[in-house]
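Take a look at the structure below.
The values are calculated or read from the model by the stated rules, or taken from the named source; none is laboratory data. The structure presented is a predicted model; accordingly, all values stated were derived computationally and were not measured. Quick reminder, even Gly has a Cβ in these numbers, built from the backbone with ideal geometry, and neighbours come from all protein chains shown. Ligands, DNA and RNA are excluded from the accessible area calculation, which covers all protein heavy atoms including side chains. Shrake-Rupley method; radii C 1.70, N 1.55, O 1.52, S 1.80 Å.
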Amino acid sequence: MTDYRKLWSDLGMDLEKHDRLTSALPLIYEEVYLQQPERPQAMEYFDLVVAEIHSLRIVELVEHRRRGGKVCGAFCVFVPVEIIRAAGAVAVGLCGGSQFWVPDGERVLPRNLCPLIKASVGARLSGTCPYFQSCDLLIGETTCDGKKKAWEVLGEYAPVYVMDLPQMKRPQDLAAWRGEIELFLARIEELTGCRVTPGRLAEEIRLQNRLRQALERLYHTRKADPVPISGKDALLVTQVSFYDDPRRFIDKTEALVAEVEARIASGQGVFPPGAPRILVTGTPMAIPNWKLHHIIETAGAAVVCEETCTGTRFFEHQVDETGRTLEEQLQALAERYLKINCSCFTPNSGRLEDIFRLVEAYQVDGVIYYNLQFCHGYAVEYYTVEKALKEQGIPVMKVETDYSEEDTGQLRTRVEAFLEMLR
Amino acid sequence: MTVLGIDIGSRTIAIAVLNERGELLAGHVADSGPRPLERAREMAGNLSSFRRVVATGYGRHGARADFATDLITEIKAHALGARHLFPFCRTVLDIGGQDSKVIRLDEQGRVVDFIMNDRCAAGTGKFLEVMAQGLGLPLEEIVAAACTSDGEITLNSMCTVFAESEVVSLLAAGQPVGAVARAVLNSICDRTMNLLLRLGIEPPVVFTGGVAAIPGLPAYFARRMDLMDLQVPSSPQLVGALGAALYGIKVKKATG
């Protein structure tokens, strides 16, 4: 195995601390992923990506920067990566999904804050995430108060640019969002020194649409019974889509889809036919947050869909490709991104419609509402979602947790009891 | 051949032995101790004398790996046990050492919904234990002490650790032990009431778990929460083990 220590220390990382982080991951991954029966062969690629998560892709980023290219890190599915790439920069996702980073985040942030924000900021402060270390610009957004204020703190440690996302979806909000996207384009052009041309932007819009479609096709296979791929694997693929080179990711995901479709044709599954089918809805799960999926799937149910930012919210809806001018393209981008039903919007009835549609399409037996602790928007929205689902007789349960393992026993009891209720 | 139900909880282990007709032959409760699995196996006795051994509670997975034949969650176990003792039961309130939960049953006794406290001891047996310690009272006397007062002090802290310091400060400020004990009981009542109201109270309500075994406490709860028909089994701590054993008989019938 190649020694990447020089690469990491050149990025200004804390090697000793980083060793502690990377020594834990293979054990967790072995338990959570490699012991699954009947995994698709094509998951090997994604195993490799995780095994080399701090090396192979980082080498590519370093190479890109050596040639004068820029790297932008984003935290949220609202950031239009098409624009970043059309300006010649690389876009990487930056959500922090590990408890490892939380204590460093708590050095500067309140304890009563969502673990995702604490971990993200902690990852930067501790110098143990090579993606953060490779970024020329971090792109925040205003999807919640915690993040909004955290960017100000993070701004002391790294260059941060914040996009102002409207909180309603009226015509004037769309216009404002469109304006934000124009400002964003100008900021990215300034960073890279490259003009975004309609030709380049059209190319990136098509590419990102293909990436979303690849994920959509993968999700479509999960509608089959028996389900041909585990929820854990599908979640992993979605998580990797935020980091990976988009062209390679599309190829590998399409290969996976082909294999999984062949399984459906031959009736092969990773759970027995009739196993309880769960829709997970709620807050995002960033790598290596596989906690809830692991509990559900080791209890004998299959997670068949995620209505989350690391699920359908990320890839549903395509950008209209017919725009020929920058004007038309930016409008198309604004429209597509504003269709995402994040709980930061009021009202957010679109999310309810999404949940009902997915319950139907994936023949879901029960909904588990996943809430990262202290994520108030989603926590409050549970009231509406629970009421609507119960009125329709669809079983639903809320699980509120963070990245630590101390509540695993209790979560297991709740998940198992929920499954007993469905059977 | 008999069936054994074993409920391995955070504070206690309970076992129930049933014959084929579902009659209780033996039942008892002991402290979990530092090695609950070993204790559980000891309490189970001669395993070969049972047709099935069904584990529930916090330690059920360990027991399943070790000596039990089946496992069910404590939610299902309490539902089965409560329904057996009170055939019309529609709501189970179970307060154990670390968890408090409300379970709703349909007319047939199937679990249709449940709610559990999050990762926090507030409103559980552990909370009461810690507060009793702060009050300098044995747990068995906390209700009697509370009944000596009709004061209306409220505990403001949600967290067990903070509530304990609040108890200590109230006593230091000269509040009578009875008044503070009352505040403690009211705090756990209000929290339990929130759980009940979230899920909806369908009577009859059966109160199970270790907290229901504290002398006078179910009556105190019933008064405070205006639940006049709150039913309490004679051994509320055995209900989970009983439910597990009943499940064993059911499975045995189904599989022959």
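Interface between chains B and A: roughly 1600 Å² of accessible area buried, both sides summed (probe 1.4 Å, protein heavy atoms only).
What ratio of Cα Rg to 2.2 N^0.38 Å holds for region A:268-423? So the Cα radius of gyration is 1.14 times the expected 2.2 N^0.38 Å. In region A:379-420, the residues whose accessible area drops by at least 50 square angstrom when the other protein chains are added to the isolated chain are A:Q410, A:T413, A:R414, A:E416, A:E420; the probe is 1.4 Å and only protein heavy atoms count.
Taking 0.36 nm per residue of sequence separation and removing the Cα-Cα distance, the A:T384/A:L183 pair yields an extension gain of 68.9 nm. Could you tell me the distance between the Cα centroids of region B:1-26 and region A:394-421, to the nearest Å? After rounding, the separation between the Cα centres reads 26 Å. Across region B:221-249, the residues whose backbone nitrogen lies under 19 Å from the label position 7 Å along the beta-carbon direction of B:F88 are B:227-234. What the phi angles of region A:300-312 give under the Karplus curve with 6.51, -1.76 and 1.60, with θ = phi - 60°, is a coupling list of x, 9, 10, 7, 9, 6, 10, 9, 9, 6, 9, x, 4 Hz, glycine and proline written as x.
The mean number of partner chain beta-carbon atoms within 10 angstrom of a residue's beta-carbon across peptide B:70-82 is 3.
Placing +1 on the Cβ of every Lys and Arg and -1 on the Cβ of every Asp and Glu, with nothing else charged, gives the protein assembly as shown a dipole about its Cα centre of roughly 700 debye.
Kirkwood radius and radius of gyration were both taken over the C-alpha atoms of region B:153-256, and their ratio Rg/Rh is 1.12. Database remark: amide H of B:T12 closer than 5 angstrom to the amide H of B:S32 (H placed geometrically; neighbours at sequence offset of 5 or more, or on other chains; Pro and chain starts carry no H). The calculated FRET efficiency for the pair A:H376 and A:E406, based on their C-beta separation and a Förster distance of 25 Å, comes to about 0.65. In this label model, A:L174 and B:D66 are separated by 6.3 nm, measuring between points 7 Å along each Cα→Cβ vector. In a shell of Cβ-Cβ distance under 11 Å around A:R57, excluding A:R57 itself, what net charge do Lys and Arg (+1) and Asp and Glu (-1) give? So the environment of A:R57 carries a net charge of -4. The rule of thumb for compact globular proteins, 2.2 N^0.38 Å, goes into the C-alpha radius of gyration of region B:88-232 1.03 times.
What is the set of long-range amide H partners of B:H28 at a cut-off below 5 Å, with H atoms built 1.01 Å from backbone N? For B:H28, the qualifying residues are B:I15.
Shielding by partners for peptide B:103-111, expressed as the average number of C-beta atoms from other protein chains within 10 Å of each residue's C-beta, is 1. Only Cα pairs under 8 Å and at least 6 apart count here; give the relative contact order of chain A as a rounded whole percent. Normalised by residue count, the contact order of chain A is 17 percent.
Among the GluC sites (Glu not before Pro) within region A:257-336, those in coil by DSSP and having at most 14 neighbouring Cβ atoms inside 10 Å are A:E321. Using the 1.4 Å probe convention, the accessible area of the protein assembly as shown works out to 40 Å² per residue with neighbouring protein chains retained.
Of the GluC sites (Glu not before Pro) in region A:358-423, the ones in a loop by DSSP (not H, G, I, E or B) with at most 16 other beta carbons within 10 Å are A:E405, A:E406.
Applied to region A:387-401, the Karplus parametrisation 6.51 cos²θ - 1.76 cosθ + 1.60 on θ = phi - 60° returns per-residue 3J(HN,Hα) values of 4, 5, 5, 5, 4, 8, x, 9, x, 9, 9, 9, 10, 10, 7 Hz, with x for Gly and Pro. Each other residue within a Cβ distance under 13 Å of B:A212 adds +1 if Lys or Arg and -1 if Asp or Glu, for a net charge of 0.
In percent, rounded to a whole number, the relative contact order of region B:1-101 is 25, using alpha-carbon pairs under 8 Å and six or more apart. For region B:88-232, the relative contact order works out to 30 percent when only alpha carbon pairs closer than 8 Å and six or more residues apart are counted. Calculation over all alpha carbon pairs of chain A in 10 angstrom steps from 0 returns a P(r) of 4, 22, 33, 28, 11, 1 percent.
Sequence-ordered 3J(HN,Hα) estimates for region A:54-61 from the Karplus curve with 6.51, -1.76 and 1.60 and θ = phi - 60° stand at 9, 10, 4, 5, 5, 4, 5, 5 Hz, glycine and proline given as x. The simple Förster model, with R0 at 22 Å and r as the Cβ-Cβ distance, assigns A:A265 and A:A361 a FRET efficiency of 0.65.
Considering only protein heavy atoms and a 1.4 Å probe, what is the carbon-and-sulfur percentage of the accessible area of chain A? Carbon with sulfur: 53 percent of the solvent-accessible area.
Region A:195-255 and region A:118-143 have Cα centres lying 24 Å from one another.
Quick one: what does P(r) look like for region A:93-238 with 5 Å bins over all Cα pairs, in whole %? Spelled out per bin, shortest first, that is 2, 8, 13, 14, 16, 16, 17, 10, 4, 1, 0.
In region B:88-232, the portion of solvent-accessible area held by carbon and sulfur atoms comes to 54 percent [1.4 Å probe, whole percent, DNA, RNA and ligands not counted]. Once you list every other residue whose beta carbon is under 14 Å from the beta carbon of A:C129, what net charge do they have if Lys and Arg are +1 and Asp and Glu are -1? Net of charged neighbours comes to +2.
With the simple spin-label model, which puts each label point 7 Å out from Cα in the Cβ direction, the A:R210 to A:K223 separation comes to 2.4 nm. Note on B:A254/B:A26: beta-carbon distance plugged into 1/(1 + (r/R0)^6) with R0 of 30 Å gives a FRET efficiency of 0.80. Taking amide H as placed 1.01 Å from N in the peptide plane, A:A91 has its amide H under 5 Å from the amide H of A:C72, each at least 5 places away in sequence or on another chain. Ellipsoid semi-axes for region A:61-123, based on the Cα gyration tensor and the rule √(5λ), read 28, 14, 8 Å when sorted largest first.
With a cut-off of 17 Å on the backbone N, the residues of region B:132-163 near the modelled label site 7 Å out from A:R111 along Cα-Cβ are B:157-163.
Note on B:E107 and A:Q318: the model spin-label points, each 7 Å out from Cα along the C-beta direction, lie 5.2 nm apart. Calculated on the Cα set of chain B, radius of gyration then Dmax: 18.7, 65 Å.
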